[in-house]
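Step one of this worksheet: look at the structure below.
Just so it is clear, none of the values below were taken in a lab; they were calculated from the coordinates. It should be emphasised that the depicted structure is a prediction, and the values quoted were computed from it without experimental measurement. Cβ sites come from the backbone with ideal geometry, for glycine too, and all protein chains shown count toward neighbours.
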Amino acid sequence: MIRAVIVDVDDTLCLTQAASFALENEVLAELGRPPMPRHVHLSTWGEPLLDAMPKRSPGLDLPRFSALYRRALERHIADGRLDLIPPENLRALDEFVRHGRAVFLLTSRTEDEVRHMLEADHVLAERVSGIYHAGNTRFRKPDPRAFDELLAATGIPPRQCVYVGDSPGDALAAGGAGLHFVGCLQSGVRKPADFDSRYVDAFIDAFSDIVGVVQQLDQFTADAGPVADEQVTQQAG
């Protein structure tokens, strides 16, 4: 049985690439720097922000950028321009909770970048059992050890977990850790061909489709044991 559904944040639970691109360019403008082209942002999308920014804006003063970014991030969240979770995605999380599955978030974001999601009055508070981020994990995706703290804390075997993410690095991390992986293509940034099929159980066109896929994974793993994983992967191909 799939006991835990682990969800990536950016371009999975909520569509954020375009919003993040605008936010980061706003901060670059405050620093008097030229805007980054969208293709540069896309080529580094999924990397931790402060690792990606020197490639997005070579020569950038990272400490100054970081200080301005934190303030801009708060503005964008308060104005509803970032991290809006669609109602259908919240309903999908509710469905998992209703059926006794634990829901977790695992992201490469820093603690500052997810702090608002940790608030007691956030829409995720009653739906998510834990949020794992750069502040409470030792390793970042695509390193499979990114899941170490979550798996150790829950005691749930990897094959009873599914990770939902949007990037090849997400798939590599999940597959390397022994988790099921479902690729979310809703943002349109990536295509199935971008992923190594060895690590992907299925693709979904919208996050809300994850409910049906997890039910299928549940059925296969319950009915056929180890053979199930191969069958679901073939369906994804």
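When the Cα atoms of the chain are enclosed in a convex hull and the volume is divided per residue, what value in Å³ results? Walk me through the numbers before you get to the answer.
Details: hull volume 27.0 nm³, N = 237.
Enclosed volume per residue, from the Cα hull, is 114 Å³.
Values of log10 I(q)/I(0) for region 63-120 across q = 0.13, 0.22 Å⁻¹ run -0.46, -1.01, by the Debye formula with one identical scatterer at each alpha carbon and no solvent. Averaging Cα coordinates gives a centre for region 169-209 and one for region 57-71; these two points are 31 Å apart. Computed from point charges on the beta carbon alone (+1 for Lys and Arg, -1 for Asp and Glu), the dipole magnitude for the chain about its Cα centre is near 440 Debye.
When only Cα pairs below 8 angstrom with a gap of at least 6 residues are kept, region 17-78 shows a relative contact order of 35 percent.
Work out the P(r) tail for region 1-120: percent of alpha carbon pairs separated by more than 25 Å, whole number. Value for region 1-120: 29 percent of Cα pairs lie more than 25 Å apart.
Note down the net charge around residue 40, summing +1 for each Lys or Arg and -1 for each Asp or Glu among other residues with Cβ under 11 Å from its Cβ. Provide the component values of the computation, followed by the final result.
Numbers: positive: 38, 55, 56; negative: 24.
Result for the neighbourhood of residue 40: +2.
Please report, ordered by residue number, every helix of the chain (full DSSP H runs) that is 18 Å or longer along its axis going by C-alpha atoms and whose mean Kyte-Doolittle hydropathy reaches -1.0. Passing helices, by number: 17-30, 62-78, 210-224.
So for region 17-78, Kirkwood radius off the Cα pairs, Stokes-Einstein at 25 °C and 0.890 mPa s: how many µm² s⁻¹? Display every interim value, and only then the final one.
Details: Rh = 11.6 Å.
The calculation lands on 212 µm²/s.
Between the residues 165, 197, 151, the greatest Cα displacement towards the positive end of the dipole of region 142-198, with unit charges on the Cβ of Lys, Arg, Asp and Glu, is found for 197.
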